[in-house]
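Please read the structure below before turning to the comments.
What follows is calculated from the coordinates using simple rules that are stated; it is not laboratory data. Note that this is a predicted model, so its numbers are computed, not measured. Cβ placement follows ideal geometry from the backbone for every residue including glycine, while neighbour counts extend to all protein chains displayed.
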Amino acid sequence: MVIADLQRELCGWISKTDVQELIAYELGIRRSELATHAQQELTDLQQKRICDHFTRRLNGEPLQYILGEWDFYGRTFRVTPGVLIPRADTETLIDAAKQLLQPGDEILDLCTGSGCIPITLTLEVPETKAIALELYPAAVELASQNATALSAPVTVRCANVLSEPNADLIGRFPVITANPPYIRSCDMATLPVEVQFEPKEALDGGVDGLIFYRFIANVWKPCLQKGGKLVLEIGYDQAIAVTEILWQEGFRDIKTVQDAGGNDRVIIGTLDN
Ligand code: GLN
């Protein structure tokens, strides 16, 4: 069977883009190059592998986990079902944090997952480096692999953000970033089928979705230098609640930044001490 015929057969069940991604992945080419291969004959093994991946996608599994990689801010990251898939929304956090960083700065990233935030920031802002914390050993390993593969000066450590920071982190950082779990527990069951494949530990922010913000603003604030800034991704309806948490913890000059869809997505607060 030639590529164009298989593509025609699978479209209609899943999106054309996803079909093209699966075929291009199998051939080791970019999606944009597929058109020039339209009449190429596929081997039985290639067809079987594409159809296996197609069935997984049809069952709702995210394309990103099937491919095992995804692009974020122009770079390719390895992703596994053990980490949240890097999202375009989080690029808003990168844009916001980039403007606050100076060459030579060291960043602390909490709940790092794939490591996409600290890796991108250290590569975007010259002469910066980062420490990234992550609870789950498989994710620590993946974030480290991503940092190595992209030559980013990021050290990944295993640590629980819902506990006290290590003494060596105190007073050290001009900027702390995080995209913590922020979905309300009661909303977890209503997430789209693709999101249900992602680790619930990366999504579930407790009863009101705010547990990590309270911890970060309170327990992790001592890791900031004087006048240091917290840059946090938030849910579209959490700006007021998170502003209040930051204010009560002594943060001032609190600003909200909108994502490309016009939703509140990032909050920045400056520690006033
Ligand atoms: N933005 C993600 C979603 O809605 C949630 C990410 C998170 O909890 N940090 O699926």
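Against the conditions (1) surrounded by 21 or more Cβ atoms within 10 Å (Cβ to Cβ); (2) away from the ligand (no atom under 11 Å from the Cβ), residue 182 satisfies every one except (2).
Report yes if residue 193 is farther than 19 Å from residue 234 by Cα, within 13 Å of the ligand (Cβ to nearest atom) and not charged (D, E, K, R), otherwise no.
On the way: farther than 19 Å from residue 234 by Cα: yes; within 13 Å of the ligand (Cβ to nearest atom): yes; not charged (D, E, K, R): yes.
Criteria met by residue 193.
Please verify whether residue 225 is within 25 Å of residue 164 (Cβ to Cβ) and in contact with a Phe, Trp or Tyr (Cβ under 7 Å, 6 or more places away or on another chain), treating the condition exactly as stated. Before the answer, list the steps.
Details: within 25 Å of residue 164 (Cβ to Cβ): yes; in contact with a Phe, Trp or Tyr (Cβ under 7 Å, 6 or more places away or on another chain): yes.
Yes; evaluated as a whole, the condition is true for this residue.
Going by the structure shown, is residue 194 free of Cβ contacts under 8 Å to residues at least 12 places away in the same chain, farther than 19 Å from residue 172 by Cβ and assigned to a helix (DSSP H, G or I)? So residue 194 fails the test. Might you check whether a residue that is β-branched (Val, Ile, Thr), over 20 Å from residue 117 (Cβ atoms), part of a loop (DSSP other than H, G, I, E, B) and more than 15 Å from the ligand (Cβ to nearest atom) occurs anywhere in segment 203-213? No, that holds for no residue.
Checking the stated criteria, residue 234 turns out to be touching a helix residue (DSSP H, G or I) at 6+ places or on another chain (Cβ under 6 Å), within 20 Å of residue 92 (Cα to Cα), of a type outside the set (D, E, K, R) and crowded, with 22+ Cβ neighbours inside 10 Å. Within segment 149-171, is even one residue within 16 Å of the ligand (Cβ to nearest atom), not in a loop (DSSP other than H, G, I, E, B) and not hydroxyl-bearing (Ser, Thr, Tyr)? For segment 149-171, residues within 16 Å of the ligand (Cβ to nearest atom), not in a loop (DSSP other than H, G, I, E, B) and not hydroxyl-bearing (Ser, Thr, Tyr): absent.
Restricting attention to segment 225-238, the residues being touching a Lys or Arg at 6+ places or on another chain (Cβ under 8 Å) and either closer than 15 Å to residue 253 by Cβ or within 16 Å of the ligand (Cβ to nearest atom) (or both) number 4. None of 266, 242 is outside any loop (DSSP other than H, G, I, E, B), within 15 Å of the ligand (Cβ to nearest atom) and farther than 19 Å from residue 107 by Cβ except 242.
Restricting attention to segment 214-231 and to residues that are out of contact with any helix residue (DSSP H, G or I) (no Cβ under 8 Å at 6 or more places or on another chain) and assigned to a helix (DSSP H, G or I), the residue that is nearest to residue 87 (Cα to Cα) turns out to be 216.
Here is a check on your reading of the model: is residue 163 on the phi > 0 side of the Ramachandran plot and surrounded by fewer than 20 Cβ atoms within 10 Å (Cβ to Cβ)? For residue 163, the condition - on the phi > 0 side of the Ramachandran plot and surrounded by fewer than 20 Cβ atoms within 10 Å (Cβ to Cβ) - is not met. On the stretch given as segment 88-133, residues that are outside any helix (DSSP H, G or I), in contact (Cβ under 8 Å) with a residue 12 or more places away in the chain and either out of contact with any strand residue (DSSP E or B) (no Cβ under 6 Å at 6 or more places or on another chain) or more than 16 Å from the ligand (Cβ to nearest atom) (or both) total 18.
Go through segment 19-32 residue by residue and tally those that are surrounded by 12 or more Cβ atoms within 10 Å (Cβ to Cβ) and without any contact (Cβ under 8 Å) to a residue 12 or more places away in the chain. Can you show your working first?
Let us first name the residues in segment 19-32 that are surrounded by 12 or more Cβ atoms within 10 Å (Cβ to Cβ), namely 19-27, 29, 31.
Checking the rest, the ones that are also without any contact (Cβ under 8 Å) to a residue 12 or more places away in the chain come to 24, 29.
Count: 2.
Contact map, segment 64-87: residues that are without any contact (Cβ under 8 Å) to a residue 24 or more places away in the chain paired with residues that are in a strand (DSSP E or B) and of a type in the set (D, E, K, R), Cβ distance under 8 Å, separation 6+ or inter-chain. Pairs shown: 68/78; 69/78; 76/69.
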